[in-house]
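Asks: Dumping the structure here so I can ask a few things about it.
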Amino acid sequence: MGNTKYVFVTGGVLSSLGKGLASASIGALLESRGLSVTIQKLDPYINVDPGTMNPFQHGEVFVTDDGTETDLDLGHYERFTHAKLGKNNNFTTGKIYYSVITKERRGDYLGGTVQVIPHITDEIKNSIKLVADDVDVVIVEIGGTIGDIESLPFLEAIRQFKADVGKENVLYIHLTLVPYMAAAKEVKTKPTQHSVKELRSIGIQPDILLCRTEHDLSIEIKSKIALFCNVSVDAVITAKDVKVIYEVPLNFHREGLDEKIIQLLNIWTRAPRLENWERFVHRYKNPTKAVNIAIVGKYTDLTDSYKSLNEALYHGGVANDAKVNLLYVDSETIYDDNCKEKLAEAHGILVPGGFGSRGIEGKIAAVKYARTNNIPFFGICLGMHVAVIEFARNVAGLVGANSTEFEVNAPHPVIYLMLEWLNEKTGVVEKRDMHSDKGATMRLGAYPCRIIPGSFAEKAYQQKDISERHRHRYEFNNEYRELFTEKGLRLSGVSPAGDLIEIVEIPDHPWFLGCQFHPEFKSRPMSPHPLFKDFIAASVKYGEKA
Ligand code: GLN
């Protein structure tokens with residue numbers, strides 16, 4: 001662990017100030033100076049993992065290579081940095097207590113009284129140290145808002161942490177709100193003062209304040225905040241609202257944040273290299289084309305549930321110099337007869353991942369509309385399932401074809417639960433357990449896939465062997481391989497052992513692709529995902545003709 005440095009990011013006043021983005025941006029800035037970083041999220045809620053949480057309440061479930069179902073903030077971390085994230089990058093109160101209680105049951109505490117301090121706080125501190133190997137800086141974001149009951153053990157743990165590893169190795173950054181009062185025509189510092197007071201009452205003196213605001217903060221305001229909150233003036237950073245999230249690192253840099261961090265942590269680095277960020281933001285803000293993408297899905301009124309998807313589409317847009325307009329279409333409101341009207345504006349149609357039968361027929365109608373009208377189509381996970389069902393019913397003539405997720409006794413179960421498959425990462429034959437709580441276990445995380453030559457996929461990836469992340473139970477039913485191939489479905493991506501269909505395509509179409517995995521999790525601003533890049537390119541082309 002050597003001389004690892006730790007940056008703790010807390011949030012005050014209210015939620016949704018963008019702590020995740022702030023933490024990711026700090027990571028990006030430190031990387032731009034040549035430091036290696038990792039980012040961890042400590043979440044105060046009791047759920048043991050976010051996998052089963054409703055995306056309506058909590059936003060997207062982000063999946064890492066190692067198959068951990070995590071908080072969507074980890075998506076920001078991966079998009080902004082090169083940190084390799086996995087199961088140790090996200091701990092919840094539930095996971096911490098679970099581990100302590102398991103140890104207690106095992107007798108590890110030798111009958112001693114098990115308490116929040118030191119047992120829970122020790123467990124938290126050990127969890128932080130788990131990610132500290134091989135990196136220069138560990139950034140730890142504490143979920144929730146200062147003043148919440150739930151976050152207290154985490155705050156106590158990070159308070160102790162400074163004494164444990166030495167004060168020169170720890171930095172506390174607090175994100176707060178500086179609201180503008182229109183009636184008084186001025187910004188107000190009181191909420192920030194109170195939030196810092198609250199933090200200090202539990203023993204944490206912040207070193208740097210990130211002040212979320214709609215207006216630039218004058219030097220007078222910064223001085224006032226500095227005085228009341230006991231930080232230096234150059235440690236009061238304006239975190240002004242941005243149009244494009246990828247501007248945040250650049251704005252923080254202009255405010256001197258990275259300089260201040262390395263100064264306080266007493267580290268020497270090269271000057272930051274931010275040209276690639278500048279170039280990306282410039283292209284993002286100055287598109288020469290525009291394209292409308294319809295997302296036909298369920299959680300369409302809460303776009304946070306499609307966070308990575310939206311970002312991947314924007315990345316693909318920038319790569320094509322196109323502004324991407326997202327049209328969210330609720331699949332429960334569409335059917336064959338109104339597709340033309342509901343999807344009239346769309347230059348590309350995307351059906352994202354999802355669970356359960358609600359709105360399925362609408363999604364199938366959208367696929368049919370895209371297929372028969374030569375509109376670029378991209379189906380992701382459940383989106384691939386509906387593409388296969390549509391093909392089965394309307395091209396292969398299999399009446400009543402369905403996924404057994406929606407109809408257990410479907411006459412043609414073209415998508416079904418495969419009870420055994422070879423996990424090529426481990427060489428083990430995996431079994432899906434039908435008796436587990438959720439009916440069966442999921443295929444989660446990175447799996448290899450081999451692409452066939454001459455496919456849309458090959459054109460996009462420009463390589464034969466790829467690895468993508470999964471999160472699903474149901475699979476393409478191999479019984480239908482021959483028939484579908486004969487009828488014109490191209491099975492263009494298969495697991496190397498050959499038993500799992502990962503990509504399907506309709507060759508006689510400008511661009512029609514469904515994949516079993518979630519490519520959106522691996523798209524980065526500076527390296528847009530090839531499938532999104534090509535889907536947007538095809539959609540731009542369609543739009544130009546339309
Ligand atoms: N509900 C489907 C399954 O479990 C698809 C999941 C998804 O789209 N992520 O297989």
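Laboratory data are not the source of any read-out in this text; all were calculated from the coordinates shown. The model shown is predicted, which means the values in this text are computed figures rather than measured ones. Cβ placement follows ideal geometry from the backbone for every residue including glycine, while neighbour counts extend to all protein chains displayed.
Asks: Report the calculated FRET efficiency for Tyr328 and Ser201 (r = Cβ-Cβ distance, R0 = 51 Å), to the nearest 0.05.
Replies: Numbers: r = 43 Å, r/R0 = 0.85.
Calculated transfer efficiency: 0.75.
Asks: Right, another one. Can you give me the distance in nm between label points at Val395 and Glu186, each placed 7 Å from the Cα along the Cα-to-Cβ direction?
Replies: 6.8
Asks: Can you figure out the FRET efficiency of Thr102 with Arg279, using R₀ = 41 Å and their beta-carbon distance, to the nearest 0.05? Working shown, then result.
Replies: Working: r = 49 Å, r/R0 = 1.20.
My answer for the efficiency is 0.25.
Asks: Would you mind ranking Lys167, Lys260 by Cβ crowding within 10 Å, fewest neighbours first? Numbers along the way, then the final one.
Replies: On the way: Lys167 8, Lys260 21.
The most exposed by this proxy come first: Lys167, Lys260.
Asks: Whole number please: convex hull volume per residue of the Cα set in the chain, in Å³?
Replies: Details: hull volume 90.6 nm³, N = 546.
Measuring per residue, one finds 166 Å³ for the Cα hull of the chain.
Asks: Okay, next question. Which FRET efficiency value, to the nearest 0.05, do you get for Asn373 and Arg524 by plugging their Cβ-Cβ distance into 1/(1 + (r/R0)^6) with R0 = 35 Å?
Replies: The value I calculate is 0.65.
Asks: Using only the alpha-carbon atoms, how far is helix 152-165 inclined from the longest principal axis of the chain? Give it as 0 to 90 degrees, nearest 10.
Replies: Long axis of 152-165 versus the principal axis of the chain: about 60 degrees.
Asks: Okay, next question. List the extent of the Cα atoms of the stretch 271-330 along each of their three principal axes, largest first, rounded to whole Å.
Replies: For the stretch 271-330, the Cα spread along each principal axis is 46, 26, 12 Å.
Asks: Per residue, what volume in Å³ does the convex hull of the Cα atoms of the stretch 9-146 enclose?
Replies: Numbers: hull volume 16.5 nm³, N = 138.
For the stretch 9-146, the hull spanned by Cα atoms encloses 119 Å³ per residue.
Asks: Let a ≥ b ≥ c be the square roots of the eigenvalues of the Cα gyration tensor of the stretch 287-363; is it rounded (a/c under 1.5), or, if not, prolate (a/b larger than b/c) or oblate? Mind showing how you got there, number by number?
Replies: Values: a/c = 2.86, a/b = 1.46, b/c = 1.96.
Oblate, since a/c reaches 1.5 and b/c is not below a/b.
Asks: Here's a follow-up. Filter Lys307/Lys459; Lys340/Lys487; Lys307/Lys533; Lys5/Lys190; Lys425/Lys464 down to the pairs with a C-alpha to C-alpha distance above 23 Å, please. Kindly include the intermediate steps, with their values, before the conclusion.
Replies: Details: Lys307/Lys459 26 Å; Lys340/Lys487 26 Å; Lys307/Lys533 17 Å; Lys5/Lys190 31 Å; Lys425/Lys464 17 Å.
Cα-Cα > 23 Å for Lys307/Lys459; Lys340/Lys487; Lys5/Lys190; rest within.
Asks: Distance between the C-alpha centers of the stretch 446-465 and the stretch 275-328? Whole Å please.
Replies: 24
Asks: Tell me the volume per residue, in Å³, of the convex hull enclosing the alpha carbons of the stretch 142-183.
Replies: Per residue, the Cα convex hull of the stretch 142-183 comes to 94 Å³.
Asks: Return a whole-number percent for the relative contact order of the stretch 95-160, with Cα pairs under 8 Å and 6 or more residues apart as the contact set.
Replies: Values: 31 pairs, mean separation 21.7, N = 66.
Relative CO of the stretch 95-160 lands at 33 percent.
Asks: Just to be sure I follow: if Rg is taken over the C-alpha atoms of the stretch 413-546 and Rh is the Kirkwood radius over the same atoms, what is Rg/Rh?
Replies: On the Cα set of the stretch 413-546, Rg over Rh gives 0.99.
Asks: Let me ask something additional. What are the semi-axes of the equivalent ellipsoid for the stretch 65-167, taken as the square roots of 5 times the Cα gyration tensor eigenvalues, largest first, in whole Å? Each step should come with its number before you reach the end.
Replies: Numbers: eigenvalues 121, 54, 42 Å².
Working from the Cα gyration tensor, I get semi-axes of 25, 16, 14 Å.
Asks: Does the stretch 88-141 classify as rounded, prolate or oblate by the C-alpha gyration tensor (a ≥ b ≥ c root eigenvalues; a/c under 1.5 gives rounded; else a/b over b/c gives prolate, otherwise oblate)? Show your work: numbers first, answer last.
Replies: Working: a/c = 2.49, a/b = 2.26, b/c = 1.10.
Prolate shape, in that a/c is at least 1.5 and a/b is the bigger ratio.
Asks: Same structure again: Based only on other Cβ atoms within 10 Å, what is the fewest-to-most ordering of Tyr246, Tyr335, Tyr284? It would help to have the intermediate numbers written out before the result.
Replies: Working: Tyr246 25, Tyr335 14, Tyr284 20.
Fewest-to-most ranking of Tyr246, Tyr335, Tyr284: Tyr335, Tyr284, Tyr246.
Asks: I would also like to ask the following. Let a ≥ b ≥ c be the square roots of the eigenvalues of the Cα gyration tensor of the stretch 10-51; is it rounded (a/c under 1.5), or, if not, prolate (a/b larger than b/c) or oblate?
Replies: Working: a/c = 3.38, a/b = 1.60, b/c = 2.11.
Oblate is the answer for the stretch 10-51, as a/c is 1.5 or above yet b/c matches or exceeds a/b.
Asks: Could you give the length gained on full extension between Gln193 and Ile117, defined as 0.36 nm per residue of separation minus the Cα-Cα distance, in nm?
Replies: Values: separation 76, 0.36 × 76 = 27.36 nm, distance 2.80 nm.
Extra length from Gln193 to Ile117 when fully extended: 24.6 nm.
Asks: Hey, fewest Cβ within 10 Å first, where do Leu175, Leu72 land in order? Don't skip to the end; give the middle numbers.
Replies: Numbers: Leu175 27, Leu72 20.
Going from least to most buried by this count: Leu72, Leu175.
Asks: On to the next question. Based on the inverse mean of 1/r over its pairs of different Cα atoms, what is the Kirkwood hydrodynamic radius of the stretch 278-435, in Å? Each step should come with its number before you reach the end.
Replies: Numbers: mean 1/r = 0.0581 Å⁻¹.
The answer is 17.2 Å.
Asks: A follow-up question, please. How tilted is helix 382-394 with respect to the longest principal axis of the chain? Cα atoms for both, answer in degrees (0 to 90, nearest 10).
Replies: Tilt relative to the chain: about 10 degrees.
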